[in-house]
Every structure is written in C-alpha cells, then in structure tokens.
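Note sheet for the following structure.
Bear in mind that the values in this text are calculations on the coordinates, not laboratory data. All of these numbers come straight from a predicted model, not from anything done at the bench. Here Cβ is always computed from backbone atoms with ideal geometry, including for glycine, and neighbour counts include all displayed protein chains.
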Amino acid sequence: MKKRVLSLLCALALLLPAAVLPATAEDTQEAPAELVEVETEEIELLPPGTEAETTENGWPAFPEEGEYILEDAANGVWEYRSPKLIVEIHRITETKPNKQIWYEAEVWCAEGGDYPRMIANDPENWEKIKFEEYPYKIARKNGVVLAVSSDFAHLRVQQKKTVGIVIRDSKIISSKTFKKSTTFPNLDCLAIWPDGNMAVYDYNEKTAEELLEAGVRDVLAFGPWLIRDGKLNEDALNKYGKSSAQRVAVGMVEKGHYFFMMLEGRRKKSAGAGISFLAKKLLEKGCTLAFNLDGGQTACIVFMGRQLCRIQDGGDISSRRTSDILGVGYSDQLPGVKDGWK
C-alpha cells in the first residue's frame with residue numbers, strides 16, 4: 001500500500017502514507033525547498049500493525065504491510081516505516097554555546113530485514129574517479145532509504161596512500177594499514193556483518209583476513225572509533241579531529257538498533273565542531289559503539305533520495321562525489337536518478 005501525502009505536517013505524531021518528491025544536484029544547483037506540496041489522498045493516524053506503541057524490547061512496532069513516509073522539512077522531521085525498517089530523523093538546532101544544526105536518525109531493523117551496508121555507485125569500478133557520483137544519486141540508483149557519507153577510502157587508493165583495512169561486499173580491497181598511526185584519520189575500523197552486528201577496532205587490531213574469516217561483509221577505514229563497550233575513546237577524542245567542521249558518525253545501541261548523525265558546519269547558522277560533539281551525542285543515546293566517518297565537504301545525510309543537510313553558505317550544493325555510501329533500507333518510492341533535485 002503506497003499513498004501520497006502532504007509533506008507540510010508537524011511530524012511529532014502523524015505517520016503518513018508514502019510521499020515521494022522528485023529531486024537533483026550538480027555543484028551549483030539549489031538545495032531541497034523547505035516546503036513542497038504534493039497530491040494528497042486519505043490520511044491515517046497510524047499504519048496497520050502499529051497500534052502498540054512499542055514491542056517487548058522497547059522498539060516501535062513495525063507495520064504489518066506497506067510503506068509510510070513523512071517528509072516535513074519545515075519542522076525538521078522525516079520518517080519511514082515498513083515491515084522491515086523504521087527510520088525517524090530529527091533536525092536539531094542549538095544557539096548556545098555555538099550555533100549548531102545537526103541531524104539525528106534513529107533506525108530500527110526488523111530481524112532478517114534491511115541492515116546497514118555499503119552501497120557502491122559502480123562495484124566493478126569502485127576506486128576509479130570517473131565512476132564517482134553524488135551520494136543522493138547513489139541512493140536513488142539503489143533505492144536506499146537512509147544514507148550517510150562513508151570512509152572515502154577510494155581516494156586513498158587513487159592517491160596511492162595507506163588505505164587501511166577495507167572490505168566491501170566480502171571482498172578485500174586493502175589489507176595494508178599503519179604500523180603506527182599518528183595522523184587523522186587514523187584508519188581505525190568499523191566492521192559490519194550481514195546480520196546487522198557491528199564492531200569497532202583499532203587500525204592494526206585485526207587483519208583483513210581475520211575479519212573476512214569472521215564473516216564480515218563490509219569494513220570501513222577512517223576513524224577514530226568513538227565508543228566501544230559503552231565508553232568514549234577519550235585518548236583519540238583528545239588527539240584527533242578537534243577543528244570545527246562538518247561531521248558524520250554512526251553508532252549501534254544493539255544489533256538492529258542504530259543512530260546515524262550528521263553535523264552541519266562552516267556556515268553562519270552552524271559552526272561545526274570536533275568529532276567529540278557527535279561522540280557525546282551518540283553516547284547519550286545509549287550507543288555501545290560508535291565510529292567517526294569522513295566529514296567536511298564529504299559529509300552528508302540523504303533520506304529517500306534527497307540530501308537533507310546544507311553543505312555551505314553562499315551556494316546550495318551537493319556534498320562531493322564519492323564511490324559509495326553507508327546506507328540502510330530499500331524502497332522503490334525514491335525519485336529517479338535523472339529527476340530534479342526538488
């Protein structure tokens with residue numbers, strides 16, 4: 001069941017049927033409009049199967065059928081619900097001590113459903129510059145519900161730098177890491193299993209072969225890891241990524257329950273911050289592990305094929321082209337790759 005709705009509602013309560021708005025980006029094109037009206041049909045307060053507010057484990061109840069999509073940019077709320085996936089995104093604004101705008105996406109994956117994974121624009125040409133694409137277009141091409149920027153490891157391959165331990169779709173891309181890391185990123189690792197489990201490691205803690213034998217599907221190399229066993233990586237937070245910039249991080253509360261966060265930066269309305277900003281937010285949300293991803297002009301968060309965040313002042317543009325994204329969920333309700341940005 002897929003229905004179209006009016007995406008101007010205050011999204012603190014209503015879960016609306018699917019609304020899909022077209023959208024596009026080149027480096028100088030406009031960002032998504034704050035308000036967009038689309039064709040409207042009947043409105044339901046709750047999808048079927050969500051009469052109970054939460055399940056036994058405290059998660060929201062998954063609907064029994066259909067897709068329910070809410071896009072309310074004016075109030076900074078976006079939601080997606082299906083029998084396999086629930087995503088709730090909130091844009092948060094802070095004025096003190098510094099102006100900041102960030103996005104908190106809470107994700108619940110049904111058992112055996114759509115778990116976080118790496119999605120390439122062109123898996124066969126992953127490391128080649130001419131096969132890079134804007135993140136929102138990669139999401140549209142693959143029907144990805146929610147995505148953020150990744151480790152930008154393909155750039156290190158291109159520049160013939162130390163790449164770190166990198167695995168994509170159970171294939172080793174790089175097994176070479178630092179003997180001793182003193183730079184940022186330090187190439188710590190985020191490992192993701194097909195069943196939704198995650199783990200974080202120091203840059204030289206595991207070999208690529210050991211991780212592959214353990215059954216991982218994807219390994220990202222960037223870092224540092226922010227949280228492990230429910231504790232902040234204080235040494236790394238005091239050493240790396242202390243300048244004010246755009247930031248992206250992902251965390252896991254437990255298998256199937258995640259947070260994706262993106263902080264805008266280097267804008268008048270959002271100064272940006274060091275990597276400790278999102279690390280502390282993720283710890284407050286109950287994440288037992290968390291990992292820092294590539295930020296700056298690479299940083300982004302994409303929902304249903306549209307980039308939610310603003311990259312800079314003086315021009316509304318997409319985040320930079322990349323080879324892959326970290327995403328979750330599948331839907332056929334996204335705009336086409338060639339559709340307009342708005």
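Brief remarks follow.
- Among residues of region 103-121 being small (G, A, S) and surrounded by fewer than 20 Cβ atoms within 10 Å (Cβ to Cβ), the one that is nearest to L283 (Cα to Cα) is A110.
- Residues of region 123-167 that turn out to be on the phi > 0 side of the Ramachandran plot and in contact with a strand residue (DSSP E or B) (Cβ under 9 Å, 6 or more places away or on another chain), as a count: 3
- Near pairs, Cβ below 6 angstrom, 6+ apart or cross-chain, from region 225-248 (touching a residue at least 12 places away in the same chain (Cβ under 8 Å) and surrounded by fewer than 22 Cβ atoms within 10 Å (Cβ to Cβ)) to any residue that is of a type outside the set (A, V, I, L, M, F, W, C) and part of a helix (DSSP H, G or I): L237/S276; A245/G296
- Only one of the numbered conditions (1) within 21 Å of G113 (Cβ to Cβ); (2) of a type outside the set (D, E); (3) touching a helix residue (DSSP H, G or I) at 6+ places or on another chain (Cβ under 7 Å) is not met by S318, and that is (1).
- In region 298-320, the residues that are farther than 16 Å from I89 by Cα and out of contact with any Phe, Trp or Tyr (no Cβ under 6 Å at 6 or more places or on another chain): A299, I311, Q312, D313, G314, G315, D316, I317, S319, R320
- Restricting attention to region 237-251, the residues that are out of contact with any helix residue (DSSP H, G or I) (no Cβ under 9 Å at 6 or more places or on another chain) and within 17 Å of D151 (Cβ to Cβ) total 1.
- Residues in region 177-202 that are aromatic (F, W, Y), under 24 Å from V328 (Cα atoms) and in a loop (DSSP other than H, G, I, E, B): W193 only.
- Subset of region 62-83 that is of a type in the set (A, V, I, L, M) and more than 19 Å from L263 (Cβ to Cβ) - its residue that is surrounded by the most Cβ atoms within 10 Å (Cβ to Cβ): I69
- Number of positions in region 243-265 that are in a strand (DSSP E or B) and hydroxyl-bearing (S, T, Y): 1
- L220 being assigned to a strand (DSSP E or B) and within 21 Å of C109 (Cβ to Cβ): yes
- Selection status of L232, among the hydrophobic types (A, V, I, L, M, F, W, C), within 17 Å of the chain's Cα centre (by Cα) and farther than 26 Å from G112 by Cα: no
- Between E205, E124, the distinction of being outside any loop (DSSP other than H, G, I, E, B) and either surrounded by fewer than 17 Cβ atoms within 10 Å (Cβ to Cβ) or among the β-branched types (V, I, T) (or both) belongs to E124 only.
- The listed residues are E284, E264, and the only one of them that is of a type in the set (D, E, K, R), crowded, with 21+ Cβ neighbours inside 10 Å and farther than 20 Å from L220 by Cα turns out to be E264.
- In region 136-151, the residues that are within 18 Å of Y68 (Cα to Cα) and in contact (Cβ under 8 Å) with a residue 12 or more places away in the chain reach residues that are among the polar types (S, T, N, Q) and surrounded by fewer than 24 Cβ atoms within 10 Å (Cβ to Cβ) with C-beta atoms within less than 6 angstrom, at least six apart or across chains, in these pairs: G143/S331; V145/S331.
- Residue satisfying condition, being out of contact with any strand residue (DSSP E or B) (no Cβ under 8 Å at 6 or more places or on another chain) and not in a strand (DSSP E or B), within set K268, K281: K268
- Flag if I86 is without any contact (Cβ under 8 Å) to a residue 40 or more places away in the chain, surrounded by 18 or more Cβ atoms within 10 Å (Cβ to Cβ) and either closer than 29 Å to E56 by Cα or in contact with a Gly (Cβ under 8 Å, 6 or more places away or on another chain) (or both): yes
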